[in-house]
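The values are calculated or read from the model by the stated rules, or taken from the named source; none is laboratory data. Please read all numbers here as calculations on a predicted model, not as lab measurements. Ideal geometry is used to build each Cβ from the backbone, glycine not excepted, and the neighbour counts take in all protein chains shown. The accessibility values were calculated without ligands, DNA or RNA, using every heavy atom of the protein model including side chains. Shrake-Rupley method; radii C 1.70, N 1.55, O 1.52, S 1.80 Å.
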Amino acid sequence: MEIEIDFVAVRRLTSREYGQARQEIASLGIAAAFAQSQQRHDERLASAADAPALACKAGCSWCCHFSVDVRAVEAFRILDYVREHFSLAEQERVRQEIAKNSLEVAPLDDLERMKRTVRCPFLVEGRCSIYPVRPQTCRNYHATDAAGCQKSYEEPDNLDIDPEFAPLVYQAGGAHVEAFARAMEDAGFDVTAYELNVALTAAMTEPASRERFEAGQAPFESTQGDEVPSEFMEER
Ligand code: SF4
């Protein structure tokens with residue numbers, strides 16, 4: 001689906017989010033600043049003028065069978081949430097599923113990953129069990145007709161399927177995420193994108209990864225991740 005971006009609105013949003021994120025990273029620290037930013041992210045998505053057109057609803061989970069990218073800051077937040085809210089048995093189930101998925105997707109390149117369905121370890125009875133801390137990719141993924149999502153799930157090899165999106169939700173979500181990432185990067189933090197299962201495995205098996213991240217270093221030794229190209233902010 002072709003989307004026409006309103007660059008004036010995008011510049012207003014990115015400038016506001018960038019400024020607030022820089023100030024909160026400096027005053028609250030990266031983890032708390034990210035939590036605040038995720039709250040604004042949800043508010044921006046919900047207040048986009050075309051948000052009422054979304055077909056996404058609790059119990060619809062076609063998109064939770066595809067590869068998701070996260071930044072390290074998200075992986076650490078998810079693991080904290082799991083430790084705080086999941087029973088020990090649930091933590092063990094999730095750990096095993098993450099390890100299994102990680103082995104499956106780690107050797108794949110981007111295109112191969114796009115063509116593979118991998119059930120998210122946090123999908124429980126059709127719902128997201130980490131909803132308050134779900135990745136930014138999940139927050140931004142949306143459709144106005146679930147039929148396209150179902151078709152993508154049923155035909156993962158068919159990359160010509162193009163589900164219908166809500167343009168204003170798309171630009172609000174994308175611009176928000178890029179502005180926070182730019183603020184993180186300018187404050188010296190890693191903004192590389194990692195596959196969700198691979199990042200969680202690295203975060204769990206490399207005890208020093210969080211310390212490295214908070215010190216402004218590359219957090220993981222077992223995975224390199226990918227740079228994310230800018231769509232809403234100027235490239236540098
Ligand atoms: S984290 Fe939640 S929303 Fe994202 S893919 Fe997994 S179950 Fe779905």
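How many nm separate the modelled label positions at residue 60 and residue 227, each set 7 Å beyond the Cα in the direction of the Cβ?
A separation of 3.6 nm, rounded to one decimal place.
Which whole-number percent is the relative contact order of the chain (Cα, under 8 Å, 6+ apart)?
Relative CO of the chain lands at 32 percent.
Rg over Rh of the chain, using C-alpha atoms and the Kirkwood radius, what does it come to?
When Rh is taken as the Kirkwood radius, the ratio is 0.94.
Check each of the chymotrypsin sites (Phe, Trp or Tyr not before Pro) in segment 31-75 and keep only those in coil by DSSP with at most 10 other C-beta atoms within 10 angstrom; list them in order.
none
Cα centroids of segment 33-103 and segment 128-145: how far apart, whole angstrom?
6 Å
Using a Förster distance of 25 angstrom, determine the FRET efficiency expected from the C-beta separation of residue 50 and residue 11, and round it to 0.05.
For residue 50 and residue 11, the calculated efficiency is 0.80.
Using the Kirkwood radius over C-alpha pairs as Rh, can you work out the diffusion coefficient of segment 92-184 via Stokes-Einstein at 25 °C, viscosity 0.890 mPa s, in µm² per second?
Calculated translational D: 160 µm²/s.
Any idea what Rg and Dmax come out to for segment 25-64 if you just take the C-alpha atoms, in Å?
Taking only Cα atoms of segment 25-64, I get Rg and Dmax of 14.2, 39 Å.
For a paramagnetic label modelled at 7 Å from the Cα of residue 151 toward its Cβ, which residues of segment 1-41 fall within the zone defined by backbone nitrogen distances under 16 Å?
1-2
Volume per residue, Å³, of the convex hull around the alpha-carbon atoms of segment 142-236?
133 Å³
So what's segment 1-104 giving for Rg/Rh, alpha carbon basis, Kirkwood Rh from the mean inverse pair distance?
My calculation puts Rg/Rh at 1.02.
Please list 25-31, 172-178 highest first by mean number of surrounding beta-carbon atoms within 10 Å per residue. Don't skip to the end; give the middle numbers.
Numbers: 25-31: 15.0, 172-178: 24.4.
Ranked by mean Cβ neighbours within 10 Å, highest first: 172-178, 25-31.
At a Cα cut-off below 21 Å, give the lysines reachable from residue 57, other chains included and same-chain residues fewer than 8 away excluded.
Correct list for residue 57: 151.
Kyte-Doolittle mean at least -0.5 and Cα extent at least 15 Å along the axis: which DSSP H helices of the chain qualify?
7-28, 72-85, 167-186
Express the carbon and sulfur contribution to the solvent-accessible surface of the chain as a percent, rounded to the nearest whole number, probe 1.4 angstrom.
Numbers: 6380 of 12460 Å².
The value for the chain is 51 percent carbon and sulfur by accessible area.
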